[in-house]
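Just below is one structure, and these are the notes that go with it.
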4 protein chains.
Amino acid sequence: MSHNTFGHLFRVTTWGESHGPAIGCVVDGVPPRIPLTEADIQPFLDRRRPGQSKFVTQRQEPDVVRILSGVMDGMTTGTPIALHIDNEDQRSRDYGEIKDRFRPGHADITYELKYGMRDYRGGGRSSARETAMRVAAGAIARKVLGAGVVLRGALVNIGGDAVDRNHWDWAEVERNAFWCPDPVAAARWEAMLLEARKAGSSLGAIIEIEATGVPPGLGAPIYAKLDADIAGALMGINAVKGVEIGDGFAAAALSGEGNADEMRMEPDGRVRFESNHAGGILGGISTGQPIVARFVVKPTSSILTPRRSVDRAGRDVEIVTKGRHDPCVGIRAVPVGEAMLACVLADHLLRHRAQNPDAPDVARLPRN
Amino acid sequence: MSHNTFGHLFRVTTWGESHGPAIGCVVDGVPPRIPLTEADIQPFLDRRRPGQSKFVTQRQEPDVVRILSGVMDGMTTGTPIALHIDNEDQRSRDYGEIKDRFRPGHADITYELKYGMRDYRGGGRSSARETAMRVAAGAIARKVLGAGVVLRGALVNIGGDAVDRNHWDWAEVERNAFWCPDPVAAARWEAMLLEARKAGSSLGAIIEIEATGVPPGLGAPIYAKLDADIAGALMGINAVKGVEIGDGFAAAALSGEGNADEMRMEPDGRVRFESNHAGGILGGISTGQPIVARFVVKPTSSILTPRRSVDRAGRDVEIVTKGRHDPCVGIRAVPVGEAMLACVLADHLLRHRAQNPDAPDVARLPRN
Amino acid sequence: MSHNTFGHLFRVTTWGESHGPAIGCVVDGVPPRIPLTEADIQPFLDRRRPGQSKFVTQRQEPDVVRILSGVMDGMTTGTPIALHIDNEDQRSRDYGEIKDRFRPGHADITYELKYGMRDYRGGGRSSARETAMRVAAGAIARKVLGAGVVLRGALVNIGGDAVDRNHWDWAEVERNAFWCPDPVAAARWEAMLLEARKAGSSLGAIIEIEATGVPPGLGAPIYAKLDADIAGALMGINAVKGVEIGDGFAAAALSGEGNADEMRMEPDGRVRFESNHAGGILGGISTGQPIVARFVVKPTSSILTPRRSVDRAGRDVEIVTKGRHDPCVGIRAVPVGEAMLACVLADHLLRHRAQNPDAPDVARLPRN
Amino acid sequence: MSHNTFGHLFRVTTWGESHGPAIGCVVDGVPPRIPLTEADIQPFLDRRRPGQSKFVTQRQEPDVVRILSGVMDGMTTGTPIALHIDNEDQRSRDYGEIKDRFRPGHADITYELKYGMRDYRGGGRSSARETAMRVAAGAIARKVLGAGVVLRGALVNIGGDAVDRNHWDWAEVERNAFWCPDPVAAARWEAMLLEARKAGSSLGAIIEIEATGVPPGLGAPIYAKLDADIAGALMGINAVKGVEIGDGFAAAALSGEGNADEMRMEPDGRVRFESNHAGGILGGISTGQPIVARFVVKPTSSILTPRRSVDRAGRDVEIVTKGRHDPCVGIRAVPVGEAMLACVLADHLLRHRAQNPDAPDVARLPRN
C-alpha cells in the first residue's frame, strides 16, 4: 500500500501540507557510497521554485533543502535519506475565503467527501507544494541512474498552441520562462499568458519529457511494465489529465507498417532502431532508445472569475479565488515530470538488476 | 513488488504463456460471502474471446474458466480464488518463423535483451492471451463493487476515424463487431478493416470506458491517486500508448473557466456537478460522477508486409509474420479495459473502506 | 499487502483448500535461465508427504507437482512459475462432524468469527495441506540460492524430550521417521508417539533449521531485517508458537562477554567468527556464518479425547475429532521450515543484489 | 519492499541516525478526525527515554517530539503524519575508538560487509535510538485502536532470573526501574545490575507484552497471520533473538488435551475461552482473548571487557567499548515492544475492516 509512498526498491515517501511548518520526504533504497550533498539537490529545487517570473505564482519560497539522515561525509550510507524544507511564507490569511467553499475543478470537494474535513490552508496536502519533494527525490534518483542517463523536459503546448518541432532547440528551453524549445512559440505564449493573467483566467499545457542513455531491459511483465509505471507516475502529478508514450494517441491513425520501428545491426553489435514510434518501450520493457513521454496539465482551477459552487453546509454559493496562483500551472510541472521519470527509472534499474544482474547496458546482440 | 501482481487489497496475480498448458490467476482479498460461480465470469470471457468475427484472430479458444479455490457452496470464503483456463489450441508450428527474429514494434526484442531468452511460441508471456485472466479477474471485481457500479466500454476511433458523439448509443455497442456506439461509424470501420486485412496490415484504435455509480472518496493522496492507478492499469494493457481521463489532452486548450465543473445542491442533499470535464476524479479522488477514461492501442505489430529487423545472432534480416492475428487488436481491448477499471475500483473501494469506514456512498453535504 | 503472498522480489502466492480440486502457487521473480524441471521439486514434496510412516497422517496424497508456466526447454524464463497439484484423496465424509463445531486450539473458531463462514472440509484453507506449496516454492528458492547454500533441518524435541547435542549426526536425520539427528532420542520418541497415538492424543515438537554458505549482507535495516523476516516466516507455519535465532531464549541468561562472537582474520582475508551465539545474523544482516533458527510446533488440536466446545449456533457442545491426523504435526514441519527459510533467503539475496551489486559473497576484509 | 517502512495500511517509515541532526518518522494511513496532539505521544517517549535511572544509559535526550504534518486543529486529517525529534546530545567524540573496529555481537561488522561503509557514530542507523520513533508511532497506533484496546508490558526475566508469576502485579510495573511486575524479583535484579554495571558487563532479558480488548478476526491466512506479523515486529527490535506467543516454547511439552483452550457460551452470546494457551491467536487470527507475546533481548554487546576482534583493514585487534551504555538494554525494550504490538494491531485492524466491514467486535455466536 502506498498512499504517500512512491516506488518499490527506490522508494519515496513524502509528507507535509502547503501551510504546515515544513514539508519533507524519505528516500529509501539508495545504494551506498554514492556522493551526495544538498548541492546535488538544490539546483533542481531552484528550477521548480515559484516566484521566478511573472508567469508563475509570486509566492516566495527559498526552498532550502536539508539532508537529515542517510549521508555521512558526503556519501550515501545505504540507509534512508530524509530531506526537509521549512515552509517560510505561509500567509494563511489569504485562504480564509475558501475555507468553507469548494473550488470547481479542485480537490477541495473530494477531500471533504472522503475525509469529512480538509486542510483548507493553501490547499493543504493537495497543494502543488508537495511536488517540491518529488523534485528533490528526483535529484537523488538521477544520482542512482548515473551520469549516462540524461533527463530533460520541455513545454510543447500552452492553451492549444503547440511548438513547431522543426524549430526544436533544447538549449532554448533554459532561455525562456516556459521551458519552451521553440523561441517563436515562446514569444506567442508570453502574450497569451499576460492576457490570461490580466483576465484572472488560466491555461492548460502539454509537457514532453525525455530520458536518453537508459539501459534496455527496464520494466517487467505484466504489472510492472515501465510504461505503466511512468503513466501512473505522471498522471499522479497535480492537475494532469492524460499521459502518452512515443506516438501516443497519434498511434490510432497509424498502420502496422507505419508504426514498426525497424532494426539494423551496427558494426559494433548494437541494435539500431530506425525510428522511435514506441518511445523507447516495447512490451513494457525499455529498448535502449530514448524514452519519450508527454502529459497534459489542465488549467489552474483557482481563477478570479466567479463560479457556481456549494459550501460545507450544503448551500449553493459563488466562489472567486483570490491570492497568488499560477496562470499556467503546467509550466512548473516540467521539472516535476522529469523528477517522476527519474524516480521510476531508478526504481526499475534496481529491480532489473536484482533479477538480471548480467543483463547488458546497451541493446547488444547476440545477447550472450 | 509486483511483477505479475496487480492491486493491493484486491490483488490479482496472473501466470501463463500463450502456448503453455494453461493460464490462470489468483484473486486475493475478495470479501467473504459474495455469491460467485463460474457463470459470473464466463460471459465476460466470451465477450473477449477471439474467433468471434472475421475482424479478430481466428484462433479458437473455448476459454472455459474453472474456479479451483476460495469458493464454497457458491459463496466466496475470503480465501484466495484461483482461476484456471486450459490452453487448447496451441498450434506452435505457426510460430517457428519468429523463433529467432524480432518483430518490429513487438516485445520480442526487449524480452531477449532483458532475459537473454524468450518464449517465442505465440508471444509467450507477452501475448494478449494473458488478458483473458484480467477479464476473469474483472468479473470478480464487479461482484466486489456490487450492482450499483456499472462498467462499460466502447471503441471510439479506428485508424484515425472517430465516432460521432451525437450518434452515441450504448445499445449499439453490443450489435456490431467493434463495440462501436455509432452505427454509421461501424459501417465505415467494417470497410476499413476488410481492406487492412486484405493488405496484411493493421490499424490502431481508441477505447473509451466508463464507470457509473462509483462512490465518492475512492483514491488517496499522493501516490495512490485513483487516476494514477487507472492510468497505470490501462497503460499496462498490451499495445497501449496513451491514457486520458475526462477531457484528457483536450484540457490543454481549455481556460480555467471552461474546465471548471460547477456545482449545485440537489434538494436531497446531493452535490450535482453541472459538467464532467474532470472525468469523475479531482485531486486523485472520485467525485461520485461517472469515471471516464480513454486509451489508445497501437496497430498490431504482426503484419504480412516484410519489415527490416535483426535476429538473435545479431544479423540483419527481413521478417514477415504469418499465422492468425488481429487486424485491429484494439477491438479485443474493450473488455480488457473495462476489467482493469473494475479491478482498480475494487481495490480502491477496499482501501477507502479501511481508512474511512463511515464515508458516504454518494456525494452528500454536509458530510457529517 | 500480502494475505496469501510471501516475499517481495522472490514472491510466492499460494491458493487452495484441503478438499478443493487442487492446490497451487505462483512463484514470481525467479531470475531467467536457471535450469528447472518438476524433478527439482518433487523430491522435496516426497519428503514432506503424509502417509510415509505410522507417525504421520495416513492420508495418501501422491502430490505430483506440475509446472504450468515460466519454464521453457527446462530453463526458467523470468516470468511467473505456476505450480499445480491435484487433490486426489479428499474423503470429505470424514469431516461432517466438525462442520458446525469448533475444535479447541484450532483455526475453526477464528475463521468463523472473521468471515462468518468457513470451509470446514479438512480444515479448508487452514489445513497443513497448503504447506505442500511452500515446500515446492522452497525447492525453487534453493535453485535461486545456488548449490553453495545448503539448507537442512532436524527435529530436536518431541513432547519435552530433547535430543542430546553430543550425539548430533546429520546423516541420522534421513534414517528415522522423525528427522531426528540423535538415534537414541529417536528410539525414545518412537515409544512416546506410539503411546500418544494409542491414546488418541498428540505431542508438541521443536525443529531446528540451518543454512550454510549464506553470503554476508542479506537483510536490511530497519524493517527488512533478515531475522525479522525469518521469524515471521516460521511463525506463519501452521501451529507454530515460537521462533528463536542462534542462542534464542537462552541469551537471557548470558553475559555480554559470553554472548560475544569474537573474530579473527584468516590468512585468506576472511573473517572467522569463533562462536555463533548470534545464529549468523547481527543487526538483522547475515554475517556469513551458518544461520540457525528453531521453532516450536504445538500439539495437533485434532484429538480423540472429548473436549468442551461451542457450535455455530452458539450452543455448548462436546467435540471429538475422528479421521486421519498426525500425533505430532511437528514432524512434517521440518521440510516446511527448511522451505520457508529458503524462500526468505532467496528474497533477500535478490534484494541485497539490487542495492549492493558489488558486495562480496563471503565475509572478507578489507571490504574494498 | 520495506527497508525502513513497517506495516501495510497503518504504515510507519522511520529515518535517522544516532548522531545525525534528528530522527523522525512518517505515519501514513491514519484515519481522519482522530484527536491527536504531541501530548498524546510525549508520555510514551518519556517512558522509553534513557537517563531515567542508573540502570540505563546516562545519555540525556529530552526527546521532544513535534508533529509536522497530517494534523489540523488537533485532529488527524487522513494525510501522512510526520514526527520529528532533534538529536541534542550527540557527543561524537566518545565513539572514535570504534570507528575502525567491530564490536563482537554488534551490527558493526555486518553493515561494513553489506555497504562497504558504516556510520560508526553511536551506532548510526543500528542504534537503539531509532526505537524512539517506534514508540512515537506506537502512540498513534493506540489512538487508531481506540481506548478499548489496552497494551502493556513487563520485564519477566533478567540474566536468567525470572519473576514469580504468583506475585504478578501490573501496578508494580510502574514502581520500579525495571518494569518488573514482581517486587521481590525487582529487588534481586537491582543487585544483579549494579554488579554487572560495576564489572562493565551486561545481561540479557525477557519481556512479556499483552493486549486486551482486541477484536476477534484480526490477521489473515496465510502470509498475513497476526502472529507471524507480531513475530516479525518483535524480532525486528534491536538485539532480540526469540519471540513466542501464548505458551510458546513450553507448548513442545504439552499434550493435545493440555493445549486445548476449551470454550463455553456466555449468556450474552459471547464465547468464553477457559484458558489461553494460544495467546489469543488461532490460525493466525485473533480470538478476542488477550494477546500475549514474549521476546528475549540479548545482553548489550558494548562492554568494558576486552574482546578479540578485527578492524576495517583486516587486522586482528582487541576492542573495549567505552562511553554510555545500558547494562541491560532489555529494560528499554519494554515500551518498544508495546509500541510494535500496537502498530501491528492497528495495521491489522484496518486490513480486517477493509475485507470484513461487518465482522463483530467481540467473539459472538451465532456470527450472523
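The values are calculated or read from the model by the stated rules, or taken from the named source; none is laboratory data. Small disclaimer: the values here were computed from a predicted structure and weren't measured. Positions of Cβ are backbone-derived with ideal geometry, glycine not excepted, and every protein chain shown enters the neighbour counts. These area figures cover heavy atoms from the full protein model, side chains too; ligands, DNA and RNA do not enter into them. Shrake-Rupley method; radii C 1.70, N 1.55, O 1.52, S 1.80 Å.
The table that follows gives values for the structure above.
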quantity	calculated
Accessible carbon and sulfur surface of chain B relative to its total accessible area, %, 1.4 Å	50 percent
Amide H partners (placed H, <5 Å) of C:Ile281, local residues excluded	C:Thr287
Within 10 Å of each Cβ in A:129-137, the average number of Cβ atoms from other chains	1
Charge tally in the Cβ shell below 11 Å around C:Pro335, where Lys, Arg are +1 and Asp, Glu are -1, C:Pro335 excluded	+4
Using θ = phi - 60° and Karplus 6.51 cos²θ - 1.76 cosθ + 1.60, couplings along region A:276-293 (whole Hz; Gly, Pro as x)	9, 4, 6, x, x, 9, 10, x, x, 10, 5, 9, x, 6, x, 8, 10, 9
Overall form of region C:242-305 per C-alpha gyration tensor (a/c, 1.5; a/b vs b/c)	prolate
GNM result for chain D, Cα springs below 10 Å: residue of D:Glu208, D:Glu257, D:Glu130 fluctuating most strongly	D:Glu257
Label point 7 Å beyond Cα along the C-beta direction, distances from B:Glu274 to other copies (nm, shortest first)	5.6, 7.2, 8.5
Cross-link pairs A:Lys241/A:Lys322; A:Lys198/A:Lys322; B:Lys114/B:Lys322; C:Lys225/D:Lys143 - those with Cα-Cα distance over 19 Å	A:Lys241/A:Lys322; B:Lys114/B:Lys322; C:Lys225/D:Lys143
Alpha carbon centroid spacing (whole Å) that separates region B:250-302 from region D:183-212	64 Å
Solvent-accessible area buried by B and C, counting both chains, probe 1.4 angstrom, square angstrom	3400 Å²
Simple Cβ-charge dipole of chain D, Lys/Arg +1 and Asp/Glu -1, about Cα centre, in debye nearest 20	940 debye
Contact order relative to length of chain B, as percent, for alpha carbon pairs under 8 angstrom and 6 or more apart	22 percent
Averaged over C:206-218, number of beta-carbon atoms from partner chains that fall within 10 Å	2
Nearest-to-axis residue of chain B, judged by beta-carbon position, where the axis maps B onto A, in Å	B:Gly232, 2
Kirkwood estimate for region B:215-346, i.e. one over the average of 1/r between Cα atoms, Å	17.6 Å
Shielding by other protein chains, D:351-362, mean Cβ within 10 Å	6
Charged-residue dipole, Cβ positions (Lys, Arg, Asp, Glu), the protein assembly as shown about Cα centre, Debye nearest 20	0 debye
Accessible area in square angstrom per residue, the protein assembly as shown, 1.4 angstrom probe	29 Å²
In sequence order, calculated HN-Hα J values of region B:161-167 (Karplus, 6.51, -1.76, 1.60; Hz; x Gly/Pro)	9, 8, 5, 8, 5, 6, 9
Square roots of five times the Cα gyration tensor eigenvalues for the protein assembly as shown, Å	49, 37, 32
Kirkwood hydrodynamic radius over Cα pairs of region C:106-190, then Stokes diffusion coefficient at 20 °C and 1.002 mPa s, in µm²/s	134 µm²/s
Cα pair count fraction exceeding 29 Å, expressed as % - chain B	44 percent
Per-peptide average of other Cβ atoms within 10 Å, ordering C:221-229, D:145-153 highest first	C:221-229, D:145-153
Peptides ranked, highest mean first, by Cβ atoms within 10 Å: ranges C:278-284, C:261-267	C:278-284, C:261-267
For region C:147-257, alpha-carbon Rg relative to the globular expectation (2.2 N^0.38 Å, N residues)	1.25
Net charge of Cβ neighbours under 13 Å - reference C:Asp227; Lys, Arg +1; Asp, Glu -1	+1
For region A:214-368, size of Cβ-based charge dipole, Lys and Arg +1, Asp and Glu -1, in debye	700 debye
Unit charges at the beta carbon, dipole of chain B: most positive-side option, B:Asn238, B:Val271, B:Ser127	B:Ser127
